[in-house]
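To start, the structure under review is shown below, and the notes come after it.
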Amino acid sequence: FYSKANKKNRKILPPGPKGFPIFGCLHLLGKFPPRALHKLAKIYGPIMHLRLGLMTTIVVSSPQAAEQFLKTHDLIFASRPPLQASKYMSYQQKNFAMAPYGSYWRKVRKICTQNLLSNAKINYFQPIRKEELDLLIEYFKEAVRARCVVDISAKLSALSANMTCRMVLGKKCSDDEFDERGFENVVQEGMELVGKPNLGDYIPQITGLDLQGLTKRSKAVAKAYDAFLEKIIDEHVQSKDENRTEDFVDVMLSFEGSEDTEKKIEREHIKAILLDMLAGAMDTSPTVVEWALSELIKHPAVMKKLQRELENIVGLKRMVEESDLEILEYLDMVVKETLRLHPVAPLMAPHESMEDCTVNGFHIPKKSRVIVNAWAIGRDPKAWNDPEKFFPERFIGSSVDVRGRDFQLLPFGSGRRACPGMQLALTVVKQVTAQLVHCFDWELPEGMLPTELDMTEEFGLVTYRAKHLLAVPSYRLST
Ligand code: HEM
């Protein structure tokens, strides 16, 4: 009787590969973990258990399983695990993206969504985005005159840095006011460090050894960030210009002095949140545009079809305006298809369970780390026909969207921890992609054929192209 009852009450973890003592399955992650985990999920199933170091990790790899974790049991999985990189670079996880679930996270999410990421604020910053994009178009027009190759990846990254700094910090940031490596490089290094598996996060007993040198690098990046943010905040505090338009730093500083304990936040919180907004916006959107352009160059028929849509709706006598985006249906499909095959945060951000939970009959222990493999979900053959093919037409007549309602397409996540910057991101991605495709034809350098374009991915919290996208523009408009 006892043995029967025991069997009945036994908690069964999801299936998964057995690992080595101590290291667990860390060696299975390979160079590009989303692909390695996708392969393992084909063997063990869409809810898989792995021990990564000493940490219980659950990997979610199908739309149905993702719905269970991000909708049905959303609250239980709404926290984040502690990570070394965030400890050093985000002031002991005082930022918004990695804060554990609770009242602080709720307060910060509200401040950010109301004061930077609401539709009203996005519209308010529209002239800034237009000015910066116009400058980029002028730069490419110069390149047309000089008939030279341009580094699209580098220019997109600079465009995004300028737009983001102006929206968040109220001004562009030149490299010379940062550490000698330059602003964009340090932010990119920070993103890389957050995304790279750090052994200390998986085997806490060896954290102090810093075997990969990642903690040392995180501390150096944190020091550069801190000096920079202190300078920006001081400039805002000391500014006597009464005509200056209020930016996000001013808003955050108004909470520092708040009498209301519900709203009050300290200087370290402000710096951590500013960093989140910079990191959240700077690298993600340009990377999506970079992948979209790569796919369009690789698929000339899709490029032509998108250019035809722009010709019909916008015409060749003017550039694309943000107000045109609503009715550009094929552009919407191209962006969705890009995000399906290249979700720039392919493993999202890690979630952590706050309680024991049972999902599909499997026991998920409290404090498990949960990884949702958006990269694998976008390639699930049960959800997508011919999943490896770049084919925007698959969205014709389909209501599937990227906003977190449809679990087969999760580039921005879903549920409580879903991306709060989605609306801003989609506006920027669509506007920049449309403008570059409308204003220019693009040819690969040195006679390279579209089929020869290297599409290798470089894994990190944001997955970039391993090689910069280079191309030669020629101008299309009649103005
Ligand atoms: C195309 C661009 C972007 C993509 C693909 C993207 C994707 C994501 C994803 C997948 C997550 C994690 C969701 C989860 O863990 O469940 C996330 C979280 C987040 N994103 Fe984005 N994002 C983008 C742009 C932005 C922008 C422009 C901002 C802000 C200016 C931003 C700020 C954040 C923040 C603060 C979080 C953490 C939310 C939380 O933990 O509550 N993102 N994003």
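Since every read-out is calculated from the coordinates, none of them should be taken as a lab result. Remember, predicted model here, so these are calculated numbers, not experimental data. For neighbour counting, all protein chains shown are included, and Cβ atoms are generated from backbone atoms with ideal geometry for every residue, glycine included.
What the table below lists for this structure:
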item: Förster radius 30 Å - calculated FRET efficiency between residue 113 and residue 36, Cβ distance, rounded to 0.05; result: 0.30
item: Positive dipole terminus of segment 2-475, leading residue within 339, 21, 312 (C-beta point charges); result: 21
item: Rh (Kirkwood; distinct C-alpha pairs) - segment 314-396, Å; result: 16.0 Å
item: Proximal charge balance of residue 19 [Cβ under 15 Å; K/R count +1, D/E count -1]; result: +3
item: Shape box of segment 174-317 [Cα atoms, principal axes, largest first, Å]; result: 54, 51, 35
item: Mean shadow area of segment 65-152 over all directions, Cα convex hull, nm²; result: 10.0 nm²
item: Compactness relative to 2.2 N^0.38 Å, alpha carbon Rg of the chain; result: 1.00
item: Where trypsin sites (Lys or Arg not before Pro) fall in DSSP loop in segment 222-326, at most 12 other Cβ within 10 Å; result: 240, 244, 317, 318
item: Local net charge near residue 369, Cβ-Cβ under 11 Å (Lys/Arg +1, Asp/Glu -1); result: +1
item: Calculated [θ] (222 nm, deg cm²/dmol) that DSSP helices of n ≥ 4 give over the chain, each run adding -39,500 (n - 2.57); result: -14500 deg cm²/dmol
item: The chain, dipole about Cα centre (Lys/Arg Cβ +1, Asp/Glu Cβ -1), debye to the nearest 20; result: 2400 debye
item: Exceeding the 22 Å Cα-Cα cut-off - candidates 271/367; 121/171; 130/430; result: 271/367
item: Cα centroid separation - segment 423-472 against segment 89-168, whole Å; result: 18 Å
item: DSSP-defined antiparallel bridges as percent of all bridges, the chain, nearest 5; result: 85 percent
